[in-house]
Amino acid sequence: MKAIELNCQNFRKLKVIGSQIHNGDDFIFKSNAKNSKINLLIFLDSRGVGSDFELSLAKKVINQIAENGLSYLLICRPLNLTTWATLLNFININELNPAMIITNMGFVDFTPKKVAILKDAIEQVEFSIGKGVATTEFAEHHMSFSGEVIDLYFMNYSDKYKKAIESITNKIPTVIINTPNVPKDICIERARPDSFYIGLNKTNEFNRSINNAKTLEVPDFDKSLTYDAVHWTKLGNEIIFEKIKGYL
């Protein structure tokens, strides 16, 4: 892990803690702030952008904030694995103190992945909190779309992880967008493993347990609202936007 410096137009230089910045169209870094003070920090994973920024939740949110005459700092998927630890490190290393945080963290923290991929997530936690806080646990054997059998693992966290998050939510009003549940029989091109749906429940239960954070619950999503059981369609984005509009 290292501090990677980023230039944000209309704002000061900022740092992200990671091995490398995510190189994809869903990495967005924008601000309309005129100085170092911001009203809203919008910190989202890949679902904030999805397949098209122009139709995304992130775009709807910053347009509404600007229309309301407020300032924002938007950052979407700065790292391949963008988790609560990513947000913690970002706020702490940059000494940010926004008036409010809106985020959808938690999904990447708790959904299953290959153990090699989770190494990066563990290192992010170790940077912000310490060793032994995040560990892996076998979830299941899963046959991939290509026919390969993959071992999937969950991340487990000690109580120190939630307490570190609460060190932020106890001083900065935080709104968490919880993850919509989807039916296991949803008709998508690449079926999700059973452990994926367990991970959705773990995500939402963890977020609800965070003290002094407002959790926004989203109704179950079907194929009209999510095209891959993770990312949201235009209609899905509109439903979530209506849930958070009042906080902007």
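The values are calculated or read from the model by the stated rules, or taken from the named source; none is laboratory data. Computed from a prediction, not measured in an experiment: that's the story for all the values here. Cβ coordinates were reconstructed from backbone atoms using ideal geometry, including for glycine residues, and neighbour counts include every protein chain displayed. These accessible areas exclude ligands, DNA and RNA; they are computed on the full protein's heavy atoms, side chains included. Shrake-Rupley method; radii C 1.70, N 1.55, O 1.52, S 1.80 Å.
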Please compute the per residue accessible area over segment 1-85 with all protein chains in place, 1.4 Å probe, rounded to a whole number of Å². 45
For Ile150, residues with placed amide H under 5 Å, excluding near neighbours: His142, Met143, Ser144
With a point put 7 Å past each Cα toward its Cβ, work out how far Asp52 is from Glu205 in nm, to one decimal. 3.8
From the phi of every residue in segment 193-210, what ³J(HN,Hα) in whole Hz does the Karplus formula 6.51 cos²θ - 1.76 cosθ + 1.60 yield, where θ is phi - 60° and glycine or proline is x? x, 4, 5, 4, 6, 5, x, 4, 5, 4, 4, 5, 5, 5, 4, 5, 7, 6
What percentage of all Cα-Cα pairs in segment 50-107 are separated by more than 12 Å? 72
Taking N as the number of residues in segment 1-68, what is its alpha-carbon radius of gyration divided by 2.2 N^0.38 Å? 1.17
Determine ³J(HN,Hα), in whole Hz, for all residues of segment 142-153 in sequence, where each value follows from phi through the Karplus function 6.51 cos²θ - 1.76 cosθ + 1.60 and θ = phi - 60°; x replaces Gly and Pro. 10, 8, 6, 4, 8, x, 7, 8, 10, 7, 10, 10
Once phi is turned into ³J(HN,Hα) by the Karplus curve 6.51 cos²θ - 1.76 cosθ + 1.60 with θ = phi - 60°, what whole-Hz value does each residue of segment 217-232 show in order, with x for glycine and proline? 8, 10, x, 4, 9, 10, 5, 6, 10, 9, 8, 9, 6, 10, 8, 9
Spatially proximal lysines relative to Lys243 (Cα-Cα < 25 Å; intrachain offsets below 8 disregarded): Lys30, Lys59, Lys60, Lys162, Lys171, Lys184, Lys202, Lys214, Lys223, Lys234
Reciprocal mean inverse distance between Cα atoms of segment 115-248 - Kirkwood radius, Å: 16.8
Taking 25 Å as R0, compute the FRET efficiency from the Cβ-Cβ separation of Glu126 and Lys34 and round it to 0.05. 0.10
Which residues' amide hydrogens lie under 5 Å from the amide hydrogen of Thr174, considering only partners 5 or more residues apart or on another chain, with H built in the peptide plane? Ile101, Lys214
Within the accessible area of segment 89-197, what % is carbon and sulfur when the probe is 1.4 Å and the other protein chains stay in place? 51
Chain lengthening between Ser158 and Phe145 when straightened (0.36 nm per residue, less Cα-Cα): 1.4 nm
Here the tail fraction of P(r) beyond 26 Å, over all Cα-Cα pairs of segment 59-183, rounds in percent to 30
